[in-house]
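What follows is a short report on a single structure.
The values are calculated or read from the model by the stated rules, or taken from the named source; none is laboratory data. Source: prediction; values computed, not measured. Positions of Cβ are generated from backbone atoms using ideal geometry, with glycine treated the same way; all protein chains shown enter the neighbour counts. Note: accessible area is taken over every heavy atom of the protein model, side chains too, but ligands, DNA and RNA are not part of it. Shrake-Rupley method; radii C 1.70, N 1.55, O 1.52, S 1.80 Å.
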Amino acid sequence: MPAVTGKPPVLEVDGLCVDFAVRRKQVRVLSDISFTVGRGETLGIIGESGCGKSMTALALLRMIPSPPGRITAGRVLLDGEDLIQVPEKRIRAIRGGEISMVFQEPMTSLNPVYTIGNQIAETIRRHKGISGAAAWKEAVDLLDMVHIPAPERRVHEYPHHLSGGMRQRVMIAMALACEPTVLLADEPTTALDVTVQAQIFDLLREIQEVHGTCIVLITHDFGAVSEMADRVLVMYAGHKVEEGTLDEISGEPRHPYTQGLLRSMPEIVDDPADIRERLPEIPGTVPDLLRGLEGCPFAPRCPSAMPKCRDRPGYTRLGDHRSVKCWLASEGTGDRVGS
Ligand code: SF4
């Protein structure tokens, strides 16, 4: 699938499957996940907690705890190099080098007993093999780049000296230390208030513009996706259920799960009479993967479920950037492209 930017994909994930061994059973937690991201493009991955978003990010970097987890199929190509097949030494260089990650809660990712300067300089030293003094200078420059005021002073501070927004900027600075090709941002603004969220998104966009970084934004918040993403991938129970450009997904969602997610978003209305007393919710809960999934994984919660849904639908391609995993879509004009 070509990137929206029209540039060839830098990151290509093809048929990625992950299994966990639980109570002597193999449980499939990621099923046939495929997507691409082009240079300077942002892909938003959205879904409820437990749908496999973070697992996808960990699988890209081969960071799934093993055992019990295992990548059982698929390829992850970064500029054509398959990260699933490269030796351990190479994947260690890629982590934090070509692909970096920003996590949700910086306080649990930053080490409280080291200054932020130490922590950023350590990343730079490890990946670039430069001297301590040069790495320290780069750490100051990076803090300046993410708009931390007085970086020469702040570089000596500890994480608890900084606000939540400043800590997240430090995490972004650390992630950018080696000028990554791909930035995986896992709920990067969830713990922040809305004004700081907006500042962090501005910062990510600015960095992307300057460096052409590919961003994979993982979130449960459609508002965050609308702010940042060029394309959107919707996940449910370890499956990709819909993919399209931001306009396609927000303007004409085709999968009943995507439709439910969008309906449950609060909206700003001009007329108070249009205020909904209660936001519609998607009934039920995500399925227990331990029990195994038969047919469409969304069927127990789907308002449009029909007898045919006892069989698992395949992907129906509806356009260059668009595919949906639902029998309703395959009844239209799309082409079915596998399971
Ligand atoms: Fe609903 Fe059936 Fe579509 Fe699944 S395949 S989302 S159950 S209509």
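Of note:
- Quotient of the Cα radius of gyration of the range 212-273 and 2.2 N^0.38 Å, N being its number of residues: 1.21.
- R0 of 25 Å, Cβ-Cβ distance Ile275-His220: FRET efficiency to nearest 0.05: 0.60
- Site pair Asp14 and Arg291 shows an inter-label distance of 3.7 nm when each label is modelled 7 Å from Cα along Cα→Cβ.
- Measuring only protein heavy atoms, the 1.4 Å probe finds Val241 accessible over about 10 Å².
- Gaussian network model of the chain, springs between alpha carbon atoms under 10 Å - residue of Ala177, Ala134, Ala224 with greatest fluctuation: Ala134
- Solvent-accessible heavy-atom area per residue, rounded to whole Å², over the chain at 1.4 Å: 47 Å²
- Accessible surface of Cys309 - all protein chains present, 1.4 Å probe, nearest 10 Å²: 20 Å²
- Kirkwood estimate for the range 106-177, i.e. one over the average of 1/r between Cα atoms, Å: 11.7 Å
- Rounded if a/c under 1.5, otherwise prolate or oblate - the range 40-86, Cα gyration tensor axes: oblate
- All other residues whose Cβ lies under 11 angstrom from that of Val18 are scored, Lys and Arg at +1 and Asp and Glu at -1, for a net of +1.
- Two-site FRET efficiency, Ala21 against Ile268, from Cβ-Cβ distance with R₀ of 45 Å, rounded to 0.05: 0.45
- Electrostatic bookkeeping for Tyr114 treats Lys and Arg as +1 and Asp and Glu as -1; over the other residues with beta carbon under 12 Å from its beta carbon, the sum is -2.
- For the pair Glu331 and Val86, a Förster radius of 51 Å applied to the C-beta separation gives a FRET efficiency near 0.75, rounded to the nearest 0.05.
- Charge context of Ser131, other residues only, Cβ under 12 angstrom, K/R +1, D/E -1: +2
- The chain: calculated mean residue ellipticity at 222 nm from DSSP helix runs of at least 4, using -39500 (n - 2.57): -9000 deg cm²/dmol
- Longest stretch of the chain clear of exposed loop sites (trypsin sites (Lys or Arg not before Pro), DSSP loop, at most 15 other Cβ atoms within 10 Å, sites excluded): 25-275.
- Globularity index of the range 166-208, i.e. its alpha-carbon radius of gyration over 2.2 N^0.38 Å: 1.10
- Thr36, Thr72, reordered so the largest accessible area comes first (probe 1.4 Å): Thr72, Thr36
- Calculation over all alpha carbon pairs of the range 29-175 in 10 angstrom steps from 0 returns a P(r) of 10, 34, 33, 21, 3 percent.
- Hydrodynamic radius of the chain by the Kirkwood approach over all distinct alpha-carbon pairs: 21.2 Å.
- Ranking Ala299, Gly212, Pro106 by how far each Cα lies toward the positive end of the dipole of the chain (charges on Cβ) leaves Ala299 at the top.
- The alpha carbon convex hull volume per residue for the range 231-339 rounds to 120 Å³.
- Normalised contact order of the range 50-119, rounded percent, pairs of Cα under 8 Å and 6 or more residues apart: 22 percent
- Using C-alpha pairs under 8 Å with a sequence gap of at least 6, the mean separation divided by the residue count of the chain gives a relative contact order of 20 percent.
- Heavy-atom SASA rank of Tyr236, Tyr158 (probe 1.4 Å, accessible area, largest first): Tyr158, Tyr236
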